[in-house]
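One structure below.
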Amino acid sequence: MSRALPMTEPLPGQPERVTIYEVGPRDGLQNEKAVVPVEVKAEFVRRLLAAGLQTVELTSFVPQRWVPQLGDAEELLDLLGDDGLGQQRPVLVPNERGLDRALERGVTSIAIFGSATETFAERNLNRSVEESVQMFAPVVKRSLDAGAWVRAYVSMCFGDPWEGPVPIPQVVDVCSRLMDLGCDQLSIGDTIGVGTPGHVNRLMDALDEAGIGAEQTAVHFHDTYGQALANTMTAIGRGVRVVDASTGGLGGCPYAKSATGNLATEDLVWALDGLGIEHGADLDRLVGTSTWMAEQLGRPAPSRVVRALAGS
Ligand code: MG
């Protein structure tokens, strides 16, 4: 018996191609309690690239005491060599010190990580939203001056575990302030997974009215309540062409109750394959990578597609 394939039929108005922005090595691993050996991380990245993923966020140049899991950014880049370089290998930097470390390593693609809410800004960045924008301003300026590409993540764009539903004008205000710094791409994050398609549509409207078009916007949905793919397809229908996903569905949010987190790359690929939208990734190799990674981590991947296809 050959493995199951998605039913294929295009939808009217769909794009020819979508870029998968793979976040597994950074966002996926950062919430793992047991530190994954750097050799395993390098092998993970190489397997993702071999599976055809072109944009892979590698790590974060955070201080080791903040995120012990990602304290090996330099070693990882050393191990990756040429595989870790270029505009399609972004790294997260939390501040100017992180930027210094990244630039010293020849990184040419930078991501910053802001928050739409005051509570999360305080908890995650130890700053108000205003102070965090001030902190990011020189990071973005110096990145652009160095010729780097810059992405601005904004987390808690839908709901916040402490503040509840986040008003759209508040989200748009933070997004606008970060994009006004000169960032190349915005990634709107549903950190606790409470977004639903109608709300995605409304936020896309509001961003568009504020001058942030779908061509500058990526989406980062979490599958905590099973809505990540529905929300992603809504955004694609609105013209979004860059989608964040994590192979196997690795990672989550420490502030969301459930362990399920990022949209699984395999679940996204299955849907894109069904529509005939190009993405460049090989589903079987991704599933193989997730199966291998699950062995390294000692538990199965949350992705439904991986569970359905593994071993088939
Ligand atoms: Mg995430």
(request) Report, by chain and number, residues whose modeled amide H sits under 5 Å from the one on F158, excluding near sequence neighbours (fewer than 5 apart, same chain). (result) T191
(request) Calculate the radius of gyration of the Cα atoms of the stretch 54-198 to one decimal place, then report Dmax, the largest Cα-Cα distance, as a whole number, both in Å. (result) 15.2, 44
(request) With the full set of protein chains in place, find how many percent of the accessible area of the chain is carbon and sulfur; take the probe as 1.4 Å. (result) 50
(request) For the stretch 1-42, state the average projected area of the convex hull of the C-alpha atoms over all orientations, rounded to one decimal in nm². (result) 6.3
(message) Accessible area per residue for the stretch 19-310 in Å², computed with a 1.4 Å probe and the full protein assembly in place, what is it?
(response) 38
(message) Given the -39500 (n - 2.57) contribution per DSSP H run of 4+ residues, what per-residue ellipticity at 222 nm results for the chain, rounded to the nearest 500 deg cm²/dmol?
(response) -11500 deg cm²/dmol
(message) From the phi angles alone, apply the Karplus equation (6.51, -1.76, 1.60; θ = phi - 60°) to the stretch 193-205 and give each ³J(HN,Hα) in whole Hz, x where the residue is Gly or Pro.
(response) x, 8, x, 9, x, x, 5, 4, 4, 5, 5, 4, 4
(message) Give me a comma-separated list of calculated 3J(HN,Hα) values for the stretch 28-34, in order, Karplus coefficients 6.51, -1.76, 1.60 applied at θ = phi - 60°, integers in Hz, x for any Gly or Pro.
(response) x, 7, 5, 9, 6, 6, 6
(request) Give the long-range amide H neighbours of A218: residues separated by 5 or more places, or on another chain, with amide H under 5 Å away, using H modelled in the peptide plane at 1.01 Å from N. (result) L186, S187, I188
(request) Output the antiparallel fraction of DSSP beta bridges having both residues in the stretch 19-310, as a percent to the nearest 5. (result) 10
(request) Take the alpha carbon gyration tensor of the stretch 19-310, find the square roots of its eigenvalues, order them as a ≥ b ≥ c, and report rounded if a/c is under 1.5; if not, report prolate when a/b exceeds b/c, else oblate. (result) rounded
(message) Limiting things to C-alpha atoms, what are the Rg and the maximum Cα-Cα separation (Dmax) for the stretch 60-99, in angstroms?
(response) 10.3, 28
(message) Considering all projection directions equally, how large on average is the shadow of the alpha-carbon convex hull of the stretch 1-134, in square nanometres?
(response) 11.9
(request) In debye, nearest 20, what is the charge dipole magnitude of the chain about its Cα centre with +1 on Lys and Arg Cβ and -1 on Asp and Glu Cβ, if you could check? (result) 480
(request) Rank by packing, highest mean first: peptides 168-174, 214-220, with packing defined as the count of other Cβ atoms within 10 Å averaged across residues. (result) 214-220, 168-174
(request) Apply the Karplus parameterisation 6.51 cos²θ - 1.76 cosθ + 1.60, with θ equal to phi minus 60°, to every residue of the stretch 102-119 and state each ³J(HN,Hα) to the nearest whole Hz, in sequence, with x for glycine and proline. (result) 5, 5, 4, 8, x, 5, 10, 8, 10, 10, 10, 9, x, 10, 7, 10, 5, 5
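The values are calculated or read from the model by the stated rules, or taken from the named source; none is laboratory data. What you are looking at is a predicted structure, and each value in this text was computed from that prediction instead of being measured. Glycine gets a Cβ as well: all are built from the backbone with ideal geometry, and neighbour counts include every protein chain shown. What goes into the accessible areas is simple: the full protein's heavy atoms, side chains included, and nothing from ligands, DNA or RNA. Shrake-Rupley method; radii C 1.70, N 1.55, O 1.52, S 1.80 Å.
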